[in-house]
Amino acid sequence: MATGFALVGTGMISHFHAQAIAGIRGARLVGCFDQVPAAAQAFAREHDCTAYDSLQDLLRSPDVDIVNICTPSGAHMEPAVAAANAGKHVAVEKPLEITLRRCDRIIQACRKNNVHLCTILPSRFSPVNQELKKAIDAGRFGTLTLGDTYVKWWRTQEYYDSGGWRGTWEMDGGGAYMNQAIHQVDLLTWMMGDVTEVAGMTDTLAHERIEVEDVGVAALRFASGAVGVIEATTSAWPGLLKKTEIHGTQGTVIIEQDSILRWEFARRNRRDAAIRRKFSVDSATSGGAADPKAISFKGHQDQLRDFVSAIRDDRPPLVDGIEGRRSVEIILAIYKAAWTGRTVRLPLKSDPRPPRSDDSRKKRSRRR
């Protein structure tokens, strides 16, 4: 019997989920719900599923096995917890939530109800990133010394104005780090390991009427002793491809989007030339560098396929709730470091409180 998916929230990202589910053997999209009934009905017509009148009706359906949460970032917890309490497995679009307390509520609800949880962070499923991870795990870099990632994207003012929740601490949870660079934050820590301390600077330089940052630089120290940098912005026109650089005493790899710019090790092996040939081509997608719709659903498809397999095999998915929480904690630590001007050690003891929006506007006004 096919695994039944249902989506909560039918905004832009939900269409990528629907396309991804359609390509998974043994899975089907059976339903959707949105706070705006007309939006749910339009989505259901487009993707041939049932539009439910309420979340409760959707969760009562025996056809629904997995609920994908596609609501705004700060509204993930309530439907995720409700789904877990109804005995449904839960897939939450990034970020898992915008505070650690709300992340923990989701994780605890899934544990209590013995259902599986995954956080949608599909960059781990890129074939080139998986090759890089294999090389790290095989010790080919020697001692890891430096891990950097750069997300220099462009978002128009219209992007932020398109939804009342965009660019707010309450519902967006942050800006360039929490919503754009979180994929690379997750990817970098998957490669380099846990982060123990961060320092950072953030600001809002290119956009109006938003509370959150549109540019930031953070320095990190990893548990291994290695250091790194995460740059994030939505104010770099025309929008550049994201980049990851991993360096060690015996190797260097630089990846731009899904293409290899450099793959070099002191000790070569017979697969190196083939890997360079396979991935040394221009990326087929801009990866959302300037247009959030210009992404591929392939990563979502690979991750949701892994989630279906994890449920059937009763194993943790590759990106579970704890992994999803980790990237949120690092980003919150970056924010705290930027707000306080101090280095912040992890783990965080509590959720940092963002500056009041009127204070932020005053600071920007004085600077200009």
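The values are calculated or read from the model by the stated rules, or taken from the named source; none is laboratory data. None of the values given here were measured: they were computed from a predicted structure. A quick note on method: Cβ atoms are made from the backbone with ideal geometry, for glycine too, and the neighbour counts reach across all protein chains shown.
Every residue, every condition in (1) over 16 Å from the mean Cα position of the chain (by Cα); (2) modelled with pLDDT under 95; (3) within 30 Å of residue 88 (Cβ to Cβ), yes or no:
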| site | (1), (2), (3) |
| --- | --- |
| 304 | no, no, yes |
| 316 | yes, no, yes |
| 319 | no, no, yes |
| 336 | yes, no, no |
| 341 | yes, no, no |
| 346 | yes, no, no |
| 368 | yes, yes, no |
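Take the range 104-119 and flag every residue that is free of Cβ contacts under 8 Å to residues at least 40 places away in the same chain and surrounded by fewer than 20 Cβ atoms within 10 Å (Cβ to Cβ). Step through it out loud before you land on a result.
So in the range 104-119, the residues free of Cβ contacts under 8 Å to residues at least 40 places away in the same chain come out as 105, 108-109, 111-115.
Residues satisfying the conditions are 105, 108, 111, 112, 113, 114.
Among (1) surrounded by fewer than 16 Cβ atoms within 10 Å (Cβ to Cβ); (2) touching a residue at least 12 places away in the same chain (Cβ under 8 Å); (3) not in a loop (DSSP other than H, G, I, E, B), which single condition is residue 281 missing?
So residue 281 meets the others, but not (3).
I'd like the full set of residues that are in contact with a helix residue (DSSP H, G or I) (Cβ under 8 Å, 6 or more places away or on another chain) and of a type outside the set (Gly, Ala, Ser), limited to the range 57-78.
Scanning the range 57-78 gives 59, 64, 65, 66, 67, 68, 69, 70, 71, 76, 77.
Can you tell me how many residues within the range 230-255 are part of a strand (DSSP E or B) and more than 26 Å from residue 160 (Cα to Cα)? Even if it seems obvious, please write down each step before you answer.
Restricting attention to the range 230-255, the residues satisfying the condition of being part of a strand (DSSP E or B) are 230-233, 235, 243-248, 251-255.
Remaining after also requiring more than 26 Å from residue 160 (Cα to Cα): 244-248, 251-255.
The qualifying residues number 10.
So how many residues does the range 120-152 have that are free of Cβ contacts under 8 Å to residues at least 60 places away in the same chain and in a loop (DSSP other than H, G, I, E, B)? Outline the logic, then answer.
Step one: list which residues in the range 120-152 are free of Cβ contacts under 8 Å to residues at least 60 places away in the same chain, which gives 130, 133-134, 137-139.
From what's left, in a loop (DSSP other than H, G, I, E, B): 138-139.
Summing the residues that are free of Cβ contacts under 8 Å to residues at least 60 places away in the same chain and in a loop (DSSP other than H, G, I, E, B) in the range 120-152 gives 2.
Exactly one of these conditions fails for residue 155: (1) of a type in the set (D, E, K, R); (2) outside the structural domain of residue 229 (by TED's automatic domain parsing); (3) in contact (Cβ under 8 Å) with a residue 60 or more places away in the chain. Give me its number.
Of (1) of a type in the set (D, E, K, R); (2) outside the structural domain of residue 229 (by TED's automatic domain parsing); (3) in contact (Cβ under 8 Å) with a residue 60 or more places away in the chain, only one is false for residue 155: (2).
Using the structure shown, decide if residue 81 is touching a helix residue (DSSP H, G or I) at 6+ places or on another chain (Cβ under 7 Å) and in contact (Cβ under 8 Å) with a residue 60 or more places away in the chain. Before the answer, list the steps.
Working: touching a helix residue (DSSP H, G or I) at 6+ places or on another chain (Cβ under 7 Å): yes; in contact (Cβ under 8 Å) with a residue 60 or more places away in the chain: no.
No: the conditions fail for residue 81.
Quick test for you: out of 208, 213, pick the one residue that is among the acidic types (Asp, Glu), over 14 Å from residue 152 (Cα atoms), touching a residue at least 12 places away in the same chain (Cβ under 8 Å) and not in a strand (DSSP E or B). Let's see the steps before the verdict.
Details: 213 fails: over 14 Å from residue 152 (Cα atoms).
Result of the check over 208, 213: 208.
Taking the range 83-98, which residues are at negative phi and surrounded by fewer than 19 Cβ atoms within 10 Å (Cβ to Cβ)?
Within the range 83-98, the subset at negative phi is 83-86, 88-98.
Once the filter is applied, which keeps residues that are at negative phi and surrounded by fewer than 19 Cβ atoms within 10 Å (Cβ to Cβ), the range 83-98 yields 85, 86.
Name the residue that is surrounded by the most Cβ atoms within 10 Å (Cβ to Cβ), counting only residues in the range 52-76 that are outside any loop (DSSP other than H, G, I, E, B) and within 16 Å of the chain's Cα centre (by Cα).
Narrowing the range 52-76 to residues outside any loop (DSSP other than H, G, I, E, B): 55-60, 66-69, 73-75.
Narrowing the set further to residues that are within 16 Å of the chain's Cα centre (by Cα) leaves 68-69, 73-75.
Numbers: 68: 30, 69: 26, 73: 25, 74: 19, 75: 19.
Only one residue fits best here, namely 68.
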